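Each remark here refers to the structure printed beneath this line.
The values are calculated or read from the model by the stated rules, or taken from the named source; none is laboratory data. From a predicted model like this one, the values you see are computed outputs, not experimental measurements. Here the Cβ positions follow ideal geometry from the backbone for every residue, glycine too, while neighbour counts run over all protein chains shown.
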């Protein structure tokens, strides 16, 4: 369209109509006001910046041909499953398209948001998007987002001290255990936050050291975004631990544009880090070529050695796909050391129901909750009314030693749990009495 010129144009509040002469052929264009490029097109026409109009119309045509999952972008706007939607996210997509920036990850992010079964959570996620990291938010390549958690020195959670938060771990609980009421600021569920909120939370734990972990969250798994602290924290039923941040205020949200992640083992002792470094091929080559010496490594600080180990380890280790998109039922059961029969008996369903659910691409959500509850009950990882499990390491069973209850905060888990009922996808009616441990 580089040789095109405008023949005529009509601009109204709700649409713009342009006729272009494209090599002697008259071609009409019509854009509704909801189209992502509408504003820039009207601005160019009113300022008589006609040279920019062909490029904007090119962008409009490109938009019409882009889709991801259930998201489709047409000339007149953005659609999800055939229904036109307009919000802050669609406007962001439009701005990127008009600037000829890639939008694939944003389409995946939007697709994942609309897979969230809670319409309230969908709307709250837009507020998280608008307020997160002072507008520097960027989804991961597979349409998830990165958030943060402050954890104990042993990498367990700060509230129950039972959930492992080392890289590669995927903690989860029954979605129905998570409090969906955003007005309850501190309540049941796995908490996550932005970098800005981390400073506030860390102040509460000055008396004890800890770690800041970057965690990956699928928008489809978010249950609530509380209003306090400017929508900078949330609750989810599942997340994936990615890595530890040595200096979290310096870390940038825009650094996390990845789909696959290398999970680096955590080594605390300097001697263990040095031993592991010596075994890595990259370090061996540097030592052989005398570009690095063992003396200089021994003189380096533990923090620096840990950082070097992470970098060299990632260079030779194949990345793992995110576990947030896999069926978690079999990994959870295998990690817990349980048989299909044991889980089926606890859920009070036939063996075939659990067997087929583990093989399904997208198992029934109510059945996922039931299996999580069954495993938590059988392994003793139900804490304060929340059924918590994880893999590949697994959640710890709650201790009953004297003083154990001091690690549990009532405001985080109120212990209230309603009776869940669901109809499984194979026609069996199953009820789980949540009051039974």
Notebook entry, point to check: Can you name the condition, by its number, that residue 354 falls short on among (1) within 29 Å of residue 237 (Cβ to Cβ); (2) surrounded by fewer than 19 Cβ atoms within 10 Å (Cβ to Cβ); (3) within 29 Å of the chain's Cα centre (by Cα)?
Noted result: (2)
Next item on the list: Hey, could you check region 1-22 for residues that are at pLDDT 80 or above and not in a strand (DSSP E or B) and say which is surrounded by the fewest Cβ atoms within 10 Å (Cβ to Cβ)?
Entry: 13
Check: For residues in region 272-294 being part of a loop (DSSP other than H, G, I, E, B) and in contact with a helix residue (DSSP H, G or I) (Cβ under 6 Å, 6 or more places away or on another chain), which is farthest from residue 306 (Cα to Cα)?
Finding: 292
Check: Does residue 152 meet the test of being more than 21 Å from residue 220 (Cα to Cα), at pLDDT 85 or above and either buried (at least 21 other Cβ atoms within 10 Å of the Cβ) or over 17 Å from the mean Cα position of the chain (by Cα) (or both)?
Finding: yes
Next item on the list: Could you list, in sequence order, all residues of region 74-110 that are assigned to a helix (DSSP H, G or I) and either over 20 Å from residue 219 (Cα atoms) or assigned by TED's automatic domain parsing to the domain that holds residue 217 (or both)?
Entry: 94, 95, 96, 97, 98
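Quick grid of which residues meet (1) at pLDDT below 65; (2) more than 20 Å from residue 140 (Cβ to Cβ); (3) not in a strand (DSSP E or B):
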residue	(1), (2), (3)
226	no, yes, yes
230	no, yes, yes
234	no, no, no
249	yes, yes, yes
Checklist line | Candidates 129, 96, 198 - the one that is farther than 27 Å from residue 268 by Cβ and either at pLDDT 80 or above or more than 16 Å from the chain's Cα centre (by Cα) (or both) | finding: 96
Check: Inside region 23-52, can you point out the residues that are loosely packed, with under 12 Cβ neighbours inside 10 Å, more than 27 Å from residue 85 (Cα to Cα) and not assigned by TED's automatic domain parsing to the domain that holds residue 92?
Finding: 23, 24, 25, 26
Check: Do we have any residue at all in region 56-79 that's at pLDDT 75 or above, surrounded by 19 or more Cβ atoms within 10 Å (Cβ to Cβ), over 29 Å from residue 144 (Cβ atoms) and in contact with a strand residue (DSSP E or B) (Cβ under 6 Å, 6 or more places away or on another chain)?
Finding: yes
Item checked: Filter result for residue 300 (on the phi < 0 side of the Ramachandran plot, over 31 Å from the mean Cα position of the chain (by Cα) and either touching a residue at least 60 places away in the same chain (Cβ under 8 Å) or not assigned by TED's automatic domain parsing to the domain that holds residue 392 (or both)) -> yes
Item checked: Those helices (runs of 4 or more DSSP H) lying entirely in region 329-437 with at least 2 residues within 24 Å of residue 155 (Cα to Cα) and modelled with pLDDT of 50 or more -> 329-336, 365-379
Note to self: So residue 293 ticks every box in (1) touching a strand residue (DSSP E or B) at 6+ places or on another chain (Cβ under 8 Å); (2) modelled with pLDDT of 85 or more but one. Which box is left unticked?
What the structure shows: (1)
